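The block underneath contains the structure these notes are about, expressed in structure tokens.
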Amino acid sequence: MLDAAIARLDRLLLAEENFGAALRKSAIARRLSAARTDIQSHLHNVSRHNDLLLMVAVERSIVEGDLTRYANSRSMISSLKAALGEISALERHMRLVDDASAYEAVDQAHRLPGNRRNGLPLDEARQALASHCARLANMDKSRLDDNEKKVLDARRAAVSRAEKLYIARQSKALSGLTPAPPPPASAASPAPAPLRGR
């Protein structure tokens, strides 16, 4: 029974592969491939402008399009809606980080070591960018064709570039501020020495 089931599955998978190969040779598949190549090229061009606002707007548009046109499961819908929520957080912080006095409050609210990276706040924007990078990396593990993977790679590169641009804005916003005072001595004091026996 087991051998027969596996043999049948192998035949079905081979048939799927053959149909897929035939489909990729069709005229419509070639046009789809060209369209995806154009998308990839457009994403690379957007990244070259080093315009954070534009890069975030482009990624929002892609995510909204995926939600409208392609979301076909509850988990996919949930993931895309989470992505849009994170993009909204990033957009809010982009407005804050360009106002040094407003961003100082964000800086003060991220003083614990776990809430900082390389001396800068690990704020909601940084968290959103990291989360979205992870989301795109997970998509890369699914069964996509070569052109889809190239579009995905272009998106990941753009999000990574956006993160660097945001970090540069953080540095600029905080460069004129005086360093925050160290934590209270009680928080940094060493553990008391053990009591000695009498």
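The values are calculated or read from the model by the stated rules, or taken from the named source; none is laboratory data. Small disclaimer: the values here were computed from a predicted structure and weren't measured. We place every Cβ from the backbone using ideal geometry, glycine too, and count neighbours over all the protein chains shown. Note: areas computed on protein heavy atoms with side chains; ligands, DNA, RNA excluded. Shrake-Rupley method; radii C 1.70, N 1.55, O 1.52, S 1.80 Å.
Which numbered condition trips up L122, out of (1) at pLDDT below 95; (2) surrounded by fewer than 18 Cβ atoms within 10 Å (Cβ to Cβ); (3) not small (G, A, S)?
Unmet condition: (1).
So H93 clears everything in (1) closer than 21 Å to V56 by Cα; (2) outside any helix (DSSP H, G or I) except one condition, right? Which one?
With respect to (1) closer than 21 Å to V56 by Cα; (2) outside any helix (DSSP H, G or I), H93 is out only on (2).
Can you find a residue that is assigned to a helix (DSSP H, G or I), within 12 Å of the chain's Cα centre (by Cα) and surrounded by 13 or more Cβ atoms within 10 Å (Cβ to Cβ) anywhere in the stretch 138-152?
Scanning the stretch 138-152 turns up at least one residue that is assigned to a helix (DSSP H, G or I), within 12 Å of the chain's Cα centre (by Cα) and surrounded by 13 or more Cβ atoms within 10 Å (Cβ to Cβ).
Does H44 meet the test of being in contact (Cβ under 8 Å) with a residue 12 or more places away in the chain and open to solvent by 50 Å² or more (accessible area, probe 1.4 Å)?
Judged against the criteria, H44 is a match.
Mind checking whether some residue in the stretch 4-16 is at pLDDT below 95, open to solvent by 90 Å² or more (accessible area, probe 1.4 Å) and within 16 Å of A157 (Cβ to Cβ)?
Taking every residue of the stretch 4-16 in turn, none turns out to be at pLDDT below 95, open to solvent by 90 Å² or more (accessible area, probe 1.4 Å) and within 16 Å of A157 (Cβ to Cβ).
Which numbered condition trips up T37, out of (1) open to solvent by less than 40 Å² (accessible area, probe 1.4 Å); (2) under 15 Å from L152 (Cα atoms)?
(1)
Taking the conditions exactly as written (over 29 Å from the mean Cα position of the chain (by Cα) and over 18 Å from A130 (Cα atoms)), does L32 satisfy them or not?
Judged against the criteria, L32 is not a match.
Give the stretch 92-115 a look and list any residue that's open to solvent by 40 Å² or more (accessible area, probe 1.4 Å) and without any contact (Cβ under 8 Å) to a residue 24 or more places away in the chain, or say none.
Across the stretch 92-115, the qualifying residues are R95, L96, S101, A105, A109, L112, P113, G114, N115.
Exactly one of (1) more than 19 Å from D145 (Cα to Cα); (2) over 16 Å from the mean Cα position of the chain (by Cα); (3) open to solvent by less than 40 Å² (accessible area, probe 1.4 Å) is unmet by A89. Its number?
For A89, the exception is condition (2).
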